[in-house]
Amino acid sequence: MTRFGAAATTAALRAAVGSARDAIVRGDDASLVAVPDTLLARAAATLAAADRGSLVPVVNATGVVIHTNLGRAPLSARAVERIGEVARGYATLEYDLARGARGSRAVHAEGLLCALTGAEAAVVVNNNAAAMLLVLGALARGREVLISRGELVEIGGGFRVPDVMTQSGASLREVGTTNRTRLSDFTAAIGPSTALVLRVHPSNFRIEGFTEQPPLAAVVDAAHAAGVAVVEDLGSGNVDAGSPWEPTVQASIGAGVDLVAVSGDKMLGGPQAGIVLGRKALVERLRAHPLMRALRVDKLTYAALEGTLLEHRAGRAHDTVPVLRMLHTPKAAVTARAGALALALRAGGWQATVIDGESAIGGGSAPGVTVPTSLVQLACPGWSADRLEAWLRARPTPVIARIQDGSVVLDLRTVDPSDDASLAALNAPR
Ligand SMILES: *Cc1c(COP(=O)(O)O)cnc(C)c1O
């Protein structure tokens with residue numbers, strides 16, 4: 001009783017008795033449904049299910065590395081450790097240790113972010129959508145923001161550039177066409193009411209064929225010549241020059257972009273966060289804006305973000321930050337694990353074969369870019385692929401698989417190697 005609490009236990013028992021009563025009214029055999037052991041077992045099952053909560057760990061065997069529905073970036077050991085340290089007690093969230101007085105939370109992670117990217121200043125908010133809302137609200141409210149028609153995008157999950165613009169109070173001025181925008185389109189549109197030029201990285205789509213976008217540095221030069229700042233929504237937050245899938249933050253800063261906004265939980269491999277990096281004077285305006293109070297992050301986010309950034313700074317991120325480690329795992333290493341898993345699964349009564357496949361970066365990063373992988377194709381006589389996929393999802397630790405060409409496939413690229421043994425121990429259902 002003390003495990004679940006008296007109120008929850010009473011409610012579960014009442015529900016079990018109630019459903020037994022309904023069953024008897026329907027004409028079911030009372031000697032089967034209303035025996036005390038059955039009622040107790042039902043109540044216990046209800047309590048145990050509720051005790052698990054709805055947010056539970058899963059094994060991601062989809063091969064989609066930054067899987068938004070599965071929580072995007074798994075954190076590095078360093079980030080998890082730092083969360084533990086900071087969560088258990090008090091911390092210097094808004095306390096200046098040197099002065100023994102109140103400090104600012106808006107400074108955490110800034111030094112690391114600047115060291116990694118060459119930016120003058122940086123500020124952290126809840127996510128990249130919040131970052132864009134803050135940037136546009138603080139710097140362009142009541143004025144015009146120029147954006148290429150080819151970048152008026154929806155990123156997914158309801159993040160639409162025109163809608164964020166409306167919410168921020170800035171007005172959108174579209175330039176160019178869907179497929180072609182020239183530098184002259186920007187220069188012709190810049191005027192006294194222009195607050196910013198906005199570039200949005202096309203994270204989740206590609207325009208192919210007869211296309212043209214002016215180089216970032218040229219847009220920056222033209223905007224600066226007219227005294228207008230350039231903001232880039234870069235999305236993925238790649239700070240690793242050795243990861244070729246996405247442009248880096250440092251390249252944008254180097255090209256002269258005044259503010260760059262990115263997510264913390266995509267290619268950076270950290271917690272959910274929005275990070276704005278760039279010129280000090282502009283970052284100061286963001287910090288001073290009233291929206292900052294509503295969009296700020298908590299100590300756990302800072303702890304995880306600093307832990308992640310420290311791994312990047314130490315040059316170990318390819319090995320220690322899971323998103324990068326997974327993306328950089330050579331195909332041969334995945335193939336070896338897939339072979340061992342297929343062997344074990346066959347011993348457990350499955351039909352399991354290793355086939356070639358592709359992993360996806362996901363999270364609206366690197367559209368259409370995949371990484372070669374090996375898949376374990378799984379079957380069980382008499383079971384459809386849909387039923388097998390659902391069976392895997394119903395395990396105590398749910399396994400999220402993919403259905404490809406009518407078969408269930410497992411991609412070990414996105415499975416932590418420490419989970420291989422539990423997958424290998426799955427016996428085929430019967
Ligand atoms: C992912 C993404 C966003 C949204 O970021 P969140 O951190 O999920 O709010 C915005 N813009 C671009 C270009 C993106 O790729």
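None of the figures in this text is laboratory data; all of them are computed from the coordinates on show. The structure presented is a predicted model; accordingly, all values stated were derived computationally and were not measured. FYI the Cβ positions are ideal-geometry reconstructions off the backbone, even for glycines, and counts take in every protein chain you see.
For the chain, the share of DSSP beta bridges that are antiparallel, to the nearest 5, is 55%.
Our note on the geometry: Cα centres of region 251-274 and region 60-118, 15 Å apart.
Considering only Ala317, Ala140, Ala336, the Gaussian network model of the chain with Cα springs below 10 Å gives its largest mean-square fluctuation to Ala336. Take every Cα pair under 8 Å in the chain that's 6+ residues apart, average their separations, divide by the length, and report that relative contact order as a whole percent. Dividing the mean separation by the residue count of the chain yields 20 percent.
Using r as the Cβ-Cβ distance of Arg346 and Ser193, and R0 as 56 Å, what FRET efficiency do you calculate, to the nearest 0.05?
Numbers: r = 68 Å, r/R0 = 1.22.
Efficiency at R0 = 56 Å is approximately 0.25.
With a cut-off of 8 Å between alpha carbons and a minimum separation of six or more residues, what is the relative contact order of region 75-316 in percent?
With pairs under 8 Å counted, the relative contact order is 29 percent.
Near Val334: Cβ cut-off under 10 Å, other residues only, Lys/Arg at +1 and Asp/Glu at -1. The net charge is +2.
Using only C-alpha positions, report the orientation-averaged shadow area of the convex hull of the chain, nm², one decimal. Here the figure is 27.5 nm², rounded to one decimal.
Tell me, in nm to one decimal, what length is gained between Ile403 and Arg313 on full extension, where the rule is 0.36 nm per residue of separation less the Cα-Cα distance?
Values: separation 90, 0.36 × 90 = 32.40 nm, distance 3.83 nm.
Using 0.36 nm per residue and subtracting the Cα-Cα distance, I get 28.6 nm.
Between Asp356 and Glu94, the modelled labels are 5.8 nm apart [label points 7 Å from Cα along Cα→Cβ].
Other residues whose C-beta falls under 13 angstrom from the C-beta of Asp22 contribute a net charge of +3, scoring Lys and Arg +1 and Asp and Glu -1.
Ordering Phe159, Phe210 by the number of other Cβ atoms within 10 Å of each residue's own Cβ, fewest first, gives Phe210, Phe159.
The 3J(HN,Hα) values that the Karplus relation (6.51, -1.76, 1.60; θ = phi - 60°) gives for region 36-50 are, in residue order, x, 4, 5, 4, 5, 4, 4, 4, 5, 5, 4, 5, 5, 5, 5 Hz. Gly and Pro appear as x. Its Cα centre serving as origin, the chain has a Cβ charge dipole (Lys and Arg +1, Asp and Glu -1) of approximately 800 debye. Taking 8 Å as the Cα distance limit and 6 or more residues as the minimum spacing, I'd like the relative contact order of region 192-313 as a percentage. Worked out over region 192-313, it gives 20 percent.
By the rule of a C-alpha distance below 19 Å, with chain neighbours fewer than 8 residues away ignored, no lysines are paired with Lys280.
As I understand it, the value is the acute angle between the Cα axis of helix 6-26 and the longest principal axis of the Cα atoms of the chain; what does it come to in degrees, rounded to 10? Relative to the chain, helix 6-26 is tipped by roughly 60 degrees.
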